[in-house]
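S.K.: Please read through the structure below; I'll follow up with questions.
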Amino acid sequence: EHKRNYREHVVQEFLRDREGDSSPRESPSVHSYYTALTIAREPRSEHGAEQEAVGATHGCANTSNGPGTVTVAAQTLFSPSEDGQTPQVVVLVGAPGMGKTMTVRKVMLEWGEGTLHEEFDCVFCIDCKAISLPKEVSVADLVSQCCPHWQVPAGKILDDQKILFIFDGFEALGFSFVQPEAELSSDPREVKPLETTLMSLLKRTVLPEASLLITTRPTALQSLGQCLEGEYYAEILGFSAARRKEYFHRYFENANKADMAFSFARGNEILYSLCIIPVMSWTVCTILEQELCRKKNLLECFKATTGMIISYLSQLLKHRDRDNPQVLQRFLLQLCSLAADGIWKHKVLFEEKEIKNRGLDQPDLLPLFLNEKISKEGEDHGNVYGFTHLHLQEFFAAMFYVLEDDEEMTGDSGGLEKDVNKLLESYSKSRKDLNVAVRFLFGLVSQKSIDCVDKTIGCRISPQAREELLEWLQQRHRGISHPGQALKVLELDTFHFLFEMNEKSFVQSVLGCFTDLDLQDIKLTLYDQMALSFCIQQWAGLGCVTLRGCSFHWQDPGAQLDVSVPCPGASGAGGGPGALAERRQEELHCPIHLLCQALQHSGSALRVLRLQWCRLSRSCCAELAALLAAHPSLARLELDDGALDDGGVRLLCAGLRRPGCRLRVLR
């Protein structure tokens, strides 16, 4: 009976998520949210720096490549390994936000409900981050803390039972693990100093038959390794591509919204890559859910990647003491300097001495941003560190150029100058690999980002770089255009940069001196089209659009980016007549829908539209017909495209007959 009561207590305790507190909905259950993670298991002897660095180096985690490495599920962590041995001690390693605690809660819940982990009579979870015990305890006292309602003496429970102890967040135990063997306990009822009791469990001098599951950040692996013997290591590598989609569907209770949000994320290469980190997927879903409640349409959602990352960082830092913002500001200055130095030198791994020289060896901050890679045995150059994801390194590299530093804060920045123009010139001339860093640079100096970083993280960003960015964008296209000809924008990345900054007045300042848009041979992703659409709507002087050999791609043709399902509390959306529904269906599958919508904005001066060899479908002709009828200044339309059939041309002719059409030339 006491076991049944304990199981009920476990289910109540671990069913609800109390971490995701910025979600507009009620706290969700683990069952509704939990999505299987990619977990690579390998023996300790093969757990070296090379394998650990895989995720940081490539910016994604597919598998670890080491010999003996296998991918496992959370429920099979204690199943026999490749060598036939059943692990008794498993260390689950993962960077912050990778899902370690969620996995622990899933294990506890499955055991409590009796669906999995039935090989254990009892499972006890010790939360190392919130351990509130007297300085002297026994193992029996630890068990009593886990099950406060038991009337049976805890010592009795430990007799002849198959027990699993879970230590969640080992890195939070801030005491020394060097304990003399003679002081360790062998009796679960013996009261000892807390660290001695915990060490006795880890070294298995007490309850040697018990199994252990220990979750930790990579930074604590070295001290943990001194306590254990014969342990197996499993590293959480994040969400695979299929699991990312599954997570979005689990988060949103409505399938249409899930498809829409996933298509939005999938269309943004940087954002989609970052969603390998579970807490980043959560951040993106939370923000997009709020957007959908406001707009019901993600085609109008201009949420920049920069803003999503700032939200992710504020989530990482939310439990930190904010009484001393100077400490965080100083730390971030040095972290950003390290990131920028690495980007310039094509470097993703950093030696321990670099970390110490910059004063980054702060145990409460360092693990939030950098993963520690333990050196292989026999190597003597110390541990190495890498950012959780390459795009996060690029984000911090961009931040290096705009983060304010007081006189007393300036330290060793590795000889790097905070020269924005040097970064922009290098990108223009040869260093196209700096594209993502430059994109983040624009995002960080938007007023929204400046305010958000100050409010959520407590750091100051200088807006001074805005003028340099404005001048650079104007000059780069003036240099390309021929004297005497119309000033053209010829580079797609200009629209990415402006979209990332997301300020209408800035877009107008940059594009105000240009009249033509000319792009050739580009595969336009959904993100590209959204960036173009946003900028064209602010571009009053745009007179000529030429797209040659460009194709328009929507990542998931079946997924809609418009939804008619009302949000909780919103009024219901009624269905319109059949013609409207048919029109909406055409829009959803028309590749140039976003472009045509943007060109219809009030005040547009468009005179010439050239869509040459863009493989336009019949539905595109319906969009063009609507554009012709609604755009009195459009005088010239050129469609050099063998893909147009008679049905498409008939749709176009319907637009030509409408009274609003003022077209003079059709080719």
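The values are calculated or read from the model by the stated rules, or taken from the named source; none is laboratory data. This structure is a prediction, so every number in the text was calculated from the model and none was measured. Don't worry about glycine lacking a Cβ; one is built from the backbone with ideal geometry, like all the others, and counts go over all protein chains shown. For the accessible areas, the whole protein counts, side chains as well, though only heavy atoms, and no ligand, DNA or RNA atoms are used. Shrake-Rupley method; radii C 1.70, N 1.55, O 1.52, S 1.80 Å.
S.K.: Sticking with the crude label model, points 7 Å out along Cα→Cβ, report the distance from GLN226 to GLU471 in nm, one decimal please.
M.R.: 5.5 nm
S.K.: Tell me the label-point distance for the pair ASN5, HIS553, using the 7 Å Cα-to-Cβ offset, in nm and rounded to one decimal.
M.R.: 6.1 nm
S.K.: With a point put 7 Å past each Cα toward its Cβ, work out how far ARG320 is from ARG664 in nm, to one decimal.
M.R.: 6.1 nm
S.K.: Further question: Quote to one decimal, in nm, the extra length available between GLN447 and GLU352 on full extension: 0.36 nm per residue of separation minus the C-alpha distance between them.
M.R.: Full-extension gain reported as 30.6 nm.
S.K.: Would you kindly find the accessible area of GLU491, with a 1.4 Å probe and non-protein molecules such as ligands, DNA and RNA excluded, rounding to the nearest 10 Å²?
M.R.: Spelled out: GLU491, probe radius 1.4 Å, area about 70 Å².
S.K.: Distance cut-off 20 Å, Cα to Cα: go down the list LYS303/LYS418; LYS353/LYS373; LYS318/LYS504; LYS448/LYS488 and report the pairs above it.
M.R.: Table pairs above 20 Å Cα-Cα are LYS303/LYS418; LYS318/LYS504; LYS448/LYS488.
S.K.: Sticking with this one: So who's got an amide H within less than 5 Å of the one on PHE167, skipping anything under 5 residues away but keeping other chains? H placed 1.01 Å off N, in plane.
M.R.: Those lying under 5 Å, H to H, from PHE167 are ILE126, LEU213, ILE214, THR215.
S.K.: For the pair ASP454 and GLN485, what calculated FRET efficiency results from E = 1/(1 + (r/R0)^6), where r is the Cβ-Cβ distance and R0 = 60 Å, to the nearest 0.05?
M.R.: 0.85
S.K.: Full extension from SER633 to GLU195: what is 0.36 nm times the residue separation minus their Cα-Cα distance, to one decimal in nm?
M.R.: Full extension from SER633 to GLU195 adds 149.8 nm.
S.K.: In addition: What base-10 log of the normalised intensity I(q)/I(0) is obtained for segment 216-306 from the Debye formula, alpha carbons as equal point scatterers, at q = 0.13, 0.19, 0.23 Å⁻¹?
M.R.: Debye output, listed in q order: -0.52, -0.82, -1.11.
S.K.: Could you list the square roots of 5 times each eigenvalue of the Cα gyration tensor of segment 142-277, that is, the equivalent ellipsoid semi-axes, sorted largest first and rounded to whole Å?
M.R.: Semi-axes, largest first: 41, 20, 12 Å.
S.K.: Please work out how much length the chain gains when fully extended from GLU119 to THR205, using 0.36 nm per residue of separation minus the C-alpha to C-alpha distance, in nm with one decimal.
M.R.: 28.8 nm
S.K.: By average Cβ neighbour count within 10 Å, what is the ranking of 423-435, 530-542 from highest down?
M.R.: Those peptides, ordered most packed to least, come out 530-542, 423-435.
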